[in-house]
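Asks: Please find one structure pasted underneath; my questions will follow.
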Amino acid sequence: MKTKGMITAALAIGVASATLAHSGATGIVKERMVAMSAMGDAVKAVAPMMSGEAAYEAEAVRQAAELIGAHAGNAMTELFPEDNENAASYVKDAIWEDWDTFTGLAEQLHTYSEGLALAAENGLASYEGGMADAGAMMGGDAMMGSGDMMGGGGMMADATMGREELAEMPADAVFAMVSDTCSSCHTRFRTEAK
């Protein structure tokens, strides 16, 4: 339970830090930056568990997945109105030019995060070493990763597995799908921090 408390505290600190770090943003841009930072912190909090660098705790994984899910899907797309402009934003114009892909990725992230919450009790895959290198998947210093495990394109929304199928998988396999979706969206729609 010690790790669970540390993850909860880390997530709370991350949200507070994100609020300060994005002080140049206002309104809905600030809201989405805070939400993205919270999701990034959730991913970073459980990544060491997925790679076997930290003890696996199903409840901590479930909490992180639920936090990601709370900011995915419609909750995410509502934070990107077409008429929004703010110099502090890291959004490429491509997001509105390819809105269908963006909304598909947002829904895919929602489904995968719900699947991860359901799969949390399954633990890690039984193969030696657990999940593939989470550090590479996370893209090093990027907020939630800019890795390219799936060629930068990720899975297309119409190929998204259902929650029931995801619930039967090892948690680290579902986590990889969550991370790949984040990376795919960032590759297509996010500019680098200035």
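Just so it is clear, none of the values below were taken in a lab; they were calculated from the coordinates. Note that the structure is predicted; figures quoted are calculated from it, not measured. Cβ atoms come from the backbone with ideal geometry, glycine included; neighbour counts cover every protein chain shown.
Asks: Give me the one-decimal nm value for the distance between modelled label points at residue 164 and residue 75, 7 Å along each residue's Cα-to-Cβ direction.
Replies: Roughly 2.5 nm, to one decimal.
Asks: Could the peptides 53-59, 66-72 be put in order, highest first, of the mean number of other beta-carbon atoms found within 10 Å of their residues?
Replies: Descending packing order for the listed peptides: 66-72, 53-59.
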